[in-house]
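Below is one structure, written out as structure tokens; the observations come after it.
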Amino acid sequence: MQQTSPSSSKLLKKPLVVVLRGCTQSAETIAEQSGWDKLAEKNNFYVLYPQQKLINILIYVLIGLILVILVKMVAKPIQFMP
């Protein structure tokens, strides 16, 4: 993965493409597999591969599970009239 210095005068003249990926993929893996870097070099644009820490993903999943459990505990079943 190539990194460019922000001091470059060309930095402001190139478009930026942000590559989103699945939670289980790393930024490095998607960069290697996607081919975006080659396209960016050929077509003169920058590519950004956001990366988050695994702990953040686990926290979001845990919060989601807790919310589902709480909703099921609090929500009353809907009864339809015959």
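This table checks each residue for (1) at negative phi; (2) aromatic (Phe, Trp, Tyr); (3) touching a strand residue (DSSP E or B) at 6+ places or on another chain (Cβ under 8 Å).
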{"site": "Gly35", "(1), (2), (3)": "no, no, no"}
{"site": "Asn43", "(1), (2), (3)": "yes, no, no"}
{"site": "Tyr60", "(1), (2), (3)": "yes, yes, no"}
{"site": "Leu65", "(1), (2), (3)": "yes, no, no"}
{"site": "Ile69", "(1), (2), (3)": "yes, no, no"}
Can you tell me which residue is surrounded by the most Cβ atoms within 10 Å (Cβ to Cβ) among those in the range 1-37 that are over 15 Å from the mean Cα position of the chain (by Cα), hydrophobic (A, V, I, L, M, F, W, C) and at pLDDT 90 or above?
Trp36
Residue pairs qualifying under the 8 Å Cβ cut-off, at least six apart or on distinct chains, with the first in the range 25-43 being small (Gly, Ala, Ser) and the second being assigned to a helix (DSSP H, G or I), are Ala31/Asp37
If you check every pair at least six apart or on different chains, which have Cβ atoms under 8 Å apart with a residue in the range 44-64 that is touching a residue at least 12 places away in the same chain (Cβ under 8 Å) and surrounded by 12 or more Cβ atoms within 10 Å (Cβ to Cβ) first and a residue that is in a loop (DSSP other than H, G, I, E, B) and charged (D, E, K, R) second?
Phe45/Lys14; Tyr46/Lys14; Tyr49/Arg21
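The values are calculated or read from the model by the stated rules, or taken from the named source; none is laboratory data. Note that the coordinates shown come from a computational prediction; the quantities given were computed from them, not determined experimentally. Reconstructed Cβ throughout: ideal geometry from the backbone, glycine too, with neighbour counts over all protein chains shown.
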